[in-house]
Amino acid sequence: MHSPASATAPSNAHPRHSAHLPTTDTAQGTREELDWLQFNLRREELEFRKLMFVHDQELETKRMRLEEQRLENQRRETELESKRLDVQRKQLDTQIESLKSVTTMLGQMVSQMGSQMHNASDSNAQPR
């Protein structure tokens, strides 16, 4: 703290300059004003930090909601992909069964044609 002597005008000061030097009351008032300004600054800083904390919490909550939505969308996509693959597998199974049926039918037709050709060649080989 300042001593009262340093806050008063020196005795040999010029009268014009001594009016501008702070008195003890003025120095005390300036100190109180400075303390009040520092208090308000700290109060505003705390209020700002509080608002930033609330804002950060809101952002974190929104981020968590978005992450939950992303995971839900991913789950749905996976489920749809599974269903799509199941349908595709069933289509392939149906095509395989159709190919098996056609192959069996062609085998039977070839066998019948072979028998008919064998019979025809046998009948051509017999004397009349």
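The values are calculated or read from the model by the stated rules, or taken from the named source; none is laboratory data. None of these values were measured; they are calculated from a predicted model. As a convention, Cβ positions derive from the backbone with ideal geometry for all residues, glycine included, and neighbour counts pool all protein chains shown. Areas reflect the complete protein model, heavy atoms only, side chains present, ligands, DNA and RNA absent. Shrake-Rupley method; radii C 1.70, N 1.55, O 1.52, S 1.80 Å.
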query = Within the bounds of the stretch 25-48, is there any residue that is in contact (Cβ under 8 Å) with a residue 12 or more places away in the chain and of a type in the set (Val, Ile, Thr)?
reply = yes
task = Select, from THR103, THR23, the only residue that is β-branched (Val, Ile, Thr) and at pLDDT below 95.
result = THR23
message = For the stretch 82-113, which positions are of a type in the set (D, E, K, R) and open to solvent by less than 80 Å² (accessible area, probe 1.4 Å)?
response = ASP86, ASP93
